[in-house]
Amino acid sequence: MKPLRWCPRFHGAKQVTETCLYGVKIISAFPLFGRRVHSTESTLSEGAPSQLRERRHVDGDVQQWGVLPMVQPLEASHGRDLYLHSDRELALSSKERPWRFQVAEVVSFAWVGGGSVIEYELHESGNRDLLAFWFVHIFLPLFLTLERGYDFIHAAAVEVDNQPILFLAESTGGKSTLGDFFLQRGHPMLSDDKVATLLVEGRFTAIPSHPHHRPWREAEVLGNPVTAFATKARPIHAFYILEKGRPDEEVEISEVTGFRKFESLMPNYLFDFGFLQQQRMCWLAELADRSRVFTVRRPWDLNRMQDVYESICSHSRALV
């Protein structure tokens, strides 16, 4: 797999761009990020490239999507109310099933199950930057879960010697700060916040997400462009669960075994739909069974980050 930057192409008379996100090629009429960024190309996800386009207009009027009677409010994010619409009881997507994902006052995305076209409509508070944020950061993980069988885990992920390691922590637990420390030392990033996974040839594989990093948490912002971005999907090497210690403590890394691995990973599963519960439990159980999981009790002191960094790198390199 070769590194890929967004590149202009011409389909007929129209210029389009191609960007690979979460292992899926996205074709759009404009660069999603408005600038050149590193991306990756992956063949892990089956199906045609997805085309992102504005909702079509017919005879000067906006084409109506139609009423979808089943509406499920989702957990609010970044100060916005979110809704998932369909025409029947919510479940995994099926062929020709209509869907719409709505970010109140900003943007809506609509697609048909099994199709390759995603249409968007900007609302009164929407603009190109917000469109890119919600499409890349929130909508695509949901879409890939429903349509492509992905499972997502809430984690930051970097590579150590081409091996993906994932940092898990509760909110404000320091995983983004630690990920940023690794990035500053030249380690490629796979994901800042959401790690896409697939089971490939018996191994759980982490797929690069999008080349941005937010060591802070400003709402509706993708973050800083990342130049050291992972170039391919690879099997997950290890999970490191971050725990806070006293500022004067030494770094302590301990392996998690048995059912405690399942308990440690479960709170970090990204989507909690009732219709995904059985799939979620099976995925988590198998992920726990096939993965190495460790706790990292580290001093809660930014001046000790180098100690934490060196301990994790040494530990990761020693794993067989």
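The values are calculated or read from the model by the stated rules, or taken from the named source; none is laboratory data. Fair warning: this is a prediction, and the values are worked out from it, not measured in the lab. Backbone-built Cβ (ideal geometry, glycine too); neighbour counts: all protein chains shown. Side chains included, ligands, DNA and RNA excluded: accessible areas come from the protein's heavy atoms. Shrake-Rupley method; radii C 1.70, N 1.55, O 1.52, S 1.80 Å.
Backbone amide hydrogens, once placed in the peptide plane, bring residue 241 within less than 5 Å of 168, 294, 295, 296, excluding anything fewer than 5 places away on its chain. For the chain, lysine pairs with C-alpha atoms less than 25 angstrom apart, excluding pairs fewer than eight positions apart on the same chain, total 15.
Sequence-distant contacts, meaning Cα pairs under 8 Å at least 6 residues apart, place the relative contact order of the chain at 15 percent. The residues 310, 75, sorted by heavy-atom accessible surface at 1.4 Å with ligands and nucleic acids left out, run 75, 310 from largest to smallest.
Taken per residue, the accessible surface of the chain reaches 47 Å², heavy atoms only and a 1.4 Å probe.
For the stretch 78-157, the square roots of the Cα gyration tensor eigenvalues, ordered a ≥ b ≥ c, give a/c of at least 1.5 with a/b no greater than b/c, which places it in the oblate category.
Bridge orientation summary for the stretch 159-293: considering DSSP beta bridges with both residues in this region, about 65 percent are antiparallel. Neighbours of residue 90, meaning other residues whose beta-carbon lies under 15 angstrom from its beta-carbon, give a summed charge of -1 when Lys and Arg score +1 and Asp and Glu score -1. Computed log10 I(q)/I(0) for the stretch 235-314 at 0.14, 0.16, 0.17, 0.19 Å⁻¹: -0.56, -0.68, -0.74, -0.84, from the Debye equation with unit scatterers placed on every C-alpha and solvent omitted. The label point for residue 281 and the one for residue 96, both projected 7 Å from the Cα toward the Cβ, are 3.4 nm apart. Within the accessible surface of the stretch 233-320, defined with a 1.4 Å probe on protein heavy atoms only, the carbon and sulfur portion equals 47 percent. Using the Cβ of residue 160 as centre and a radius below 14 Å, the other residues enclosed give a net charge of +1, where K and R count +1 and D and E count -1. Structural size metrics of the chain, computed from C-alpha coordinates, are Rg and Dmax of 20.1, 70 Å. Simple rule: put +1 on each Lys or Arg Cβ and -1 on each Asp or Glu Cβ in the chain, find the dipole, and look at 190, 78, 241; the Cα lying farthest toward the positive end is 190. Compute the relative contact order of the stretch 150-214 as a whole-number percentage, counting only Cα pairs closer than 8 Å that sit 6 or more residues apart in sequence. Worked out over the stretch 150-214, it gives 36 percent.
Other residues with beta-carbon under 15 Å from the beta-carbon of residue 181 carry, at +1 per Lys or Arg and -1 per Asp or Glu, a net charge of -1.
In the stretch 214-320, Cα pairs under 8 Å separated by at least six residues give a relative contact order of 43 percent. Only protein heavy atoms count here; on that basis, with a 1.4 Å probe, residue 176 has an accessible area of about 20 Å².
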